[in-house]
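No value in this document is a laboratory result; all are computed from the given coordinates. Treat the numbers as computed from the prediction; the structure is a model and nothing was measured. Positions of Cβ are backbone-derived with ideal geometry, glycine not excepted, and every protein chain shown enters the neighbour counts.
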């Protein structure tokens, strides 16, 4: 995991969205996503996938993929209720931790996880 990135390493496009829970007319909560930046805007980051993380629970088997995304600092993305969408991937990655590296407002390091159900 890096705490900084060179400009040439920022080549993975991600879309950052905030999780919003809305109560519908029937009283049920539904989860939607709203873009942190303007609609359809992607941000470039350095993507590092962490390998070998598996979770076993009761009778089901689920794989948990983890990754780290390092991007330039933005106060809009410094929140805990975020999800990340990779370019071309419809499934969200949950943001587990947001680290303003060194509290210098230069880099954000997002710790991500994605759960994949058993087949």
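Brief remarks on what is shown
- Scanning segment 84-100 for residues that are touching a strand residue (DSSP E or B) at 6+ places or on another chain (Cβ under 7 Å) and surrounded by fewer than 19 Cβ atoms within 10 Å (Cβ to Cβ) gives 85, 87, 91, 92, 94, 96, 97, 98, 99, 100.
- As a summary of the residue check, residue 109 satisfies the conditions (1) farther than 15 Å from residue 35 by Cα; (2) more than 12 Å from the chain's Cα centre (by Cα) except for the one numbered (2).
- Taking segment 61-80 as the range and being surrounded by fewer than 16 Cβ atoms within 10 Å (Cβ to Cβ) and either within 19 Å of residue 38 (Cβ to Cβ) or in contact with a helix residue (DSSP H, G or I) (Cβ under 8 Å, 6 or more places away or on another chain) (or both) as the test, the residues that pass are 72, 73, 74, 75, 76, 78, 79.
- Entry remark, segment 101-115: residues being surrounded by fewer than 15 Cβ atoms within 10 Å (Cβ to Cβ) and farther than 14 Å from residue 67 by Cα number 5 in total.
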